[in-house]
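Chemist: Here's a structure for you.
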Amino acid sequence: MTGFADLISWLCLIAGSVFCIIGGIGLLRMPNFWTRTHAAGITDTMGVGLILVGLIFQAGLTLVAVKLVMILAFLYLAGPTAGHAIFRAAHAYGVPFAALTTGVEAPGENSDGSD
Amino acid sequence: MLDFSMFEVTMVAILVTMLIALIAAVRGPTVFDRILAINIFGTKTVLLIAVSGFLTGRPEWLDLALVYALVNFIGTVAVLKFVRFGNLARDDEEVGS
Amino acid sequence: MNRTLKTALILVAVWLLWSGHTEPLLLAFGLLSVIIVVAITRRMDRFAESERNQYPGPRFLLYIPWLLWQIFLSNLAVARIILDPKLPISPRLIRVPANQRTPTGQAIYANSITLTPGTASLDIRDGQILVHALNAEFAADLESGEMGARVKRTEKGA
């Protein structure tokens with residue numbers, strides 16, 4: 001393992017850790033469910049991605065690296081799918097949007113907005 | 001030698017995130033907030049297993065990490081289905097709509 | 001190539017990559033698993049609406065680096081919002097058209113929207129995706145339609 005690859009892996013692991021914690025802080029700071037989902041997105045994309053890339057640089061060109069890439073691909077595929085299942089269920093259930101939410105559906109009303 | 005402390009720092013950060021996710025899960029307030037937080041907790045567990053595999057020099061733990069990722073995904077969907085429909089076998093009636 | 005054969009080959013490759021063992025007993029277990037999964041997949045295909053165009057085209061490989069770059073950028077933007085003491089959010093709901101031809105294309109588009117923090121897809125109906133955006137900037141980025149157009153180009157025969 002060369003020093004350069006070590007340095008990159010190092011930076012990725014540190015940055016990934018920082019983004020994980022930032023996402024966690026967002027999870028606590030955001031006012032309601034819908035804004036919290038975006039904080040969750042940070043830990044699930046940037047945190048996971050950078051930490052696994054950091055480990056890939058540690059592993060070098062081995063079978064371990066291939067397995068890490070496959071875990072990364074699976075998490076990036078399954079993460080949004082599970083997320084979408086949660087959002088869709090919450091939307092159907094009628095979790096209220098924040099009062100400051102603007103857009104196609106009037107705030108507080110949870111009709112399905114099919115005009 | 002910096003290598004090893006590196007993995008430990010990462011693991012501490014992941015554990016802190018898991019703790020925050022647990023706090024968020026306890027805080028709620030809706031059941032969907034809790035499911036979201038537990039989904040994050042599960043994803044972080046996958047990372048924790050992967051990093052600890054490198055920390056102890058046994059990268060074969062990655063197999064466990066992948067299995068945990070699969071279980072976490074299916075578990076999240078199963079809990080959602082249970083919350084929405086009240087059971088896991090049928091999907092033709094909603095509870096309380 | 002036949003879809004069943006394609007699925008079986010992918011599964012065999014995945015099994016060999018993950019196990020790394022060549023003992024006859026473990027290979028037999030692998031073969032058994034592949035046969036079971038292929039049988040289940042075939043049974044599911046019977047209920048699917050169309051068997052064609054289920055895999056994205058080769059341009060999907062070019063789409064992945066662009067998507068990762070977008071994920072990186074929007075992550076930085078959301079991180080800045082979270083760390084801002086004033087928490088400058090103005091969430092909004094928008095509808096964006098999902099004008100991809102295939103269900104696969106629409107699924108890739110909705111997944112990409114959720115994968116970039118700041119936007120999350122809630123529901124899809126009548127060819128439109130209902131999106132929750134963290135502020136006006138994220139909403140405007142999505143409404144410019146660049147991501148949708150790029151996903152559309154990854155479809156086969158586009």
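Chemist: Just checking, which of C:Thr154, C:Thr116, C:Thr102 is at pLDDT 80 or above and of a type in the set (Ser, Thr, Tyr)?
Modeler: Numbers: C:Thr154 fails: at pLDDT 80 or above; C:Thr102 fails: at pLDDT 80 or above.
Within the list C:Thr154, C:Thr116, C:Thr102, the selection yields C:Thr116.
Chemist: Could you count how many residues in region B:50-60 are surrounded by fewer than 19 Cβ atoms within 10 Å (Cβ to Cβ) and modelled with pLDDT of 85 or more?
Modeler: 1
Chemist: Quick one: A:Gly41 ticks every box in (1) closer than 21 Å to B:Gly75 by Cα; (2) in contact with a Pro (Cβ under 6 Å, 6 or more places away or on another chain); (3) without any contact (Cβ under 8 Å) to a residue 12 or more places away in the chain bar one, so which box is it?
Modeler: The number of the failed condition is (3).
Every residue, every condition in (1) within 8 Å of chain A (Cβ to nearest Cβ); (2) under 11 Å from the mean Cα position of the chain (by Cα), yes or no:
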{"site": "B:Phe41", "(1), (2)": "no, yes"}
{"site": "B:Lys44", "(1), (2)": "yes, yes"}
{"site": "B:Ser52", "(1), (2)": "no, no"}
{"site": "B:Arg58", "(1), (2)": "no, no"}
{"site": "B:Trp61", "(1), (2)": "no, no"}
{"site": "B:Ala69", "(1), (2)": "yes, yes"}
{"site": "B:Phe73", "(1), (2)": "yes, yes"}
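Chemist: Taking region A:5-28, which residues are in contact (Cβ under 8 Å) with a residue 40 or more places away in the chain, more than 7 Å from chain B (Cβ to nearest Cβ) and surrounded by 21 or more Cβ atoms within 10 Å (Cβ to Cβ)?
Modeler: A:Ser9, A:Cys12
Chemist: Among C:Val12, C:Val34, which is the only one that is in a helix (DSSP H, G or I), out of contact with any Phe, Trp or Tyr (no Cβ under 7 Å at 6 or more places or on another chain) and surrounded by 12 or more Cβ atoms within 10 Å (Cβ to Cβ)?
Modeler: The unique qualifying residue is C:Val12.
Chemist: Give just the number: which of (1) of a type in the set (S, T, N, Q); (2) buried (at least 19 other Cβ atoms within 10 Å of the Cβ); (3) more than 16 Å from C:Leu67 (Cβ to Cβ) does C:Asn135 not satisfy?
Modeler: (2)
Chemist: Let me ask you something else. Any residue in region A:77-85 that is at pLDDT below 85 and not hydrophobic (A, V, I, L, M, F, W, C)?
Modeler: no
Chemist: Taking the options A:Val66, A:Val95, name whichever one is over 21 Å from C:His132 (Cβ atoms) and either at pLDDT below 75 or facing chain C (nearest Cβ under 9 Å) (or both).
Modeler: A:Val66
Chemist: Mind checking which strands (runs of 3 or more DSSP E) fall wholly inside region C:60-140 and carry at least 2 residues that are over 19 Å from the mean Cα position of the chain (by Cα)?
Modeler: Details: elements: C:92-97, C:119-125, C:128-133.
Once the strands (runs of 3 or more DSSP E) in region C:60-140 are filtered for at least 2 residues that are over 19 Å from the mean Cα position of the chain (by Cα), what remains is C:92-97.
Let's see how each residue does on (1) touching a Gly at 6+ places or on another chain (Cβ under 9 Å); (2) in contact (Cβ under 8 Å) with a residue 40 or more places away in the chain:
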position: C:Asn75; (1), (2): yes, yes
position: C:Lys86; (1), (2): no, no
position: C:Arg92; (1), (2): yes, yes
position: C:Ala98; (1), (2): yes, yes
position: C:Thr104; (1), (2): no, yes
position: C:Gly127; (1), (2): no, no
position: C:Ala136; (1), (2): no, yes
position: C:Ala139; (1), (2): yes, yes
position: C:Gly148; (1), (2): no, yes
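Chemist: Which of the numbered conditions does A:Val69 fail, given that it passes all the others? Conditions: (1) crowded, with 16+ Cβ neighbours inside 10 Å; (2) under 24 Å from C:Ile10 (Cα atoms).
Modeler: (1)
Chemist: Next question. Taking the criterion of being closer than 25 Å to A:Gly47 by Cα and among the hydrophobic types (A, V, I, L, M, F, W, C), would at least one residue in region C:91-105 satisfy it?
Modeler: No; the residues of region C:91-105 include none that is closer than 25 Å to A:Gly47 by Cα and among the hydrophobic types (A, V, I, L, M, F, W, C).
One line per residue, one yes/no per condition, for (1) of a type in the set (Gly, Ala, Ser); (2) closer than 20 Å to C:Ala77 by Cβ; (3) assigned to a helix (DSSP H, G or I):
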{"site": "A:Phe4", "(1), (2), (3)": "no, no, yes"}
{"site": "A:Ile22", "(1), (2), (3)": "no, yes, yes"}
{"site": "A:Leu28", "(1), (2), (3)": "no, yes, yes"}
{"site": "A:Gly54", "(1), (2), (3)": "yes, no, yes"}
{"site": "A:Val64", "(1), (2), (3)": "no, no, yes"}
{"site": "A:Val69", "(1), (2), (3)": "no, no, yes"}
{"site": "A:Leu77", "(1), (2), (3)": "no, no, yes"}
{"site": "A:Arg88", "(1), (2), (3)": "no, no, yes"}
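Chemist: With respect to A:Gly60, determine if the residue is at pLDDT 85 or above and either touching a Leu at 6+ places or on another chain (Cβ under 9 Å) or more than 7 Å from chain B (Cβ to nearest Cβ) (or both).
Modeler: no
The values are calculated or read from the model by the stated rules, or taken from the named source; none is laboratory data. Quantities reported herein were computed from a predicted structural model and do not represent experimental measurements. Neighbour counts are summed over all protein chains in view; Cβ atoms, including those assigned to glycine, are modelled from backbone coordinates with ideal geometry.
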